[in-house]
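Novice: I'd like to ask some things about the structure below.
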């Protein structure tokens, strides 16, 4: 084949390959370096690039959880020191965890889970976010939520497992669902409306 034929040749299979160490996509040998992923590839690529070691997302039917490969959370880079919980993660924590994991914690909860920074410190010798991943999985001992509380729904389990299994990356400070961010937004809304809620 001459040079012109090579330049005009259609690339063979252009499926992106997740870089397991950096969590970024790398082109395959047959893919041009500047190739844009198609819409069909975008969801798969984004999902696979956010999980360490090409782990499939966890969630759905708890009976299938035993067939999932657990992510190697120890291989995750150190998370940023500040940020907020993504809104979907914050919604699950608010609905299922913060009844006890408040400040101060109640019902024997050992720590609060109100802000992203709460999950960065160590508990049981590992960062709290890593411990959280393990204790929410079906059949884990200990297990959260405890047996005295409603279990996570399949969607809640998937939301938390996917976020924690993808190295618990926050959204920028002030843009997510941390308790302090929501409280600040509420107080800003009150001051914008004159600070009164009684109509007077």
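Novice: Within region 89-117, can you find the residues that are touching a helix residue (DSSP H, G or I) at 6+ places or on another chain (Cβ under 7 Å) and without any contact (Cβ under 8 Å) to a residue 60 or more places away in the chain?
Specialist: Once the filter is applied, which keeps residues that are touching a helix residue (DSSP H, G or I) at 6+ places or on another chain (Cβ under 7 Å) and without any contact (Cβ under 8 Å) to a residue 60 or more places away in the chain, region 89-117 yields 111, 112, 113.
Novice: Tell me, which helices (runs of 4 or more DSSP H) lie completely within region 112-200 with 1 or more residues that are surrounded by fewer than 17 Cβ atoms within 10 Å (Cβ to Cβ) and at pLDDT 95 or above?
Specialist: 128-136, 154-165
Novice: Quick check, is residue 93 buried (at least 22 other Cβ atoms within 10 Å of the Cβ) and over 14 Å from the mean Cα position of the chain (by Cα)? Even if it seems obvious, please write down each step before you answer.
Specialist: Values: buried (at least 22 other Cβ atoms within 10 Å of the Cβ): yes; over 14 Å from the mean Cα position of the chain (by Cα): no.
The answer is no for residue 93.
Novice: May I pose another question? Can you tell me which of 71, 79 is closer than 14 Å to residue 170 by Cβ, in contact (Cβ under 8 Å) with a residue 60 or more places away in the chain and assigned to a loop (DSSP other than H, G, I, E, B)?
Specialist: Of the residues listed, the single one that is closer than 14 Å to residue 170 by Cβ, in contact (Cβ under 8 Å) with a residue 60 or more places away in the chain and assigned to a loop (DSSP other than H, G, I, E, B) is 79.
The values are calculated or read from the model by the stated rules, or taken from the named source; none is laboratory data. Predicted, not measured: the structure shown is a model, and the values here were computed from it. No Cβ is skipped: glycine too gets one built from the backbone with ideal geometry, and neighbour counts run over all protein chains shown.
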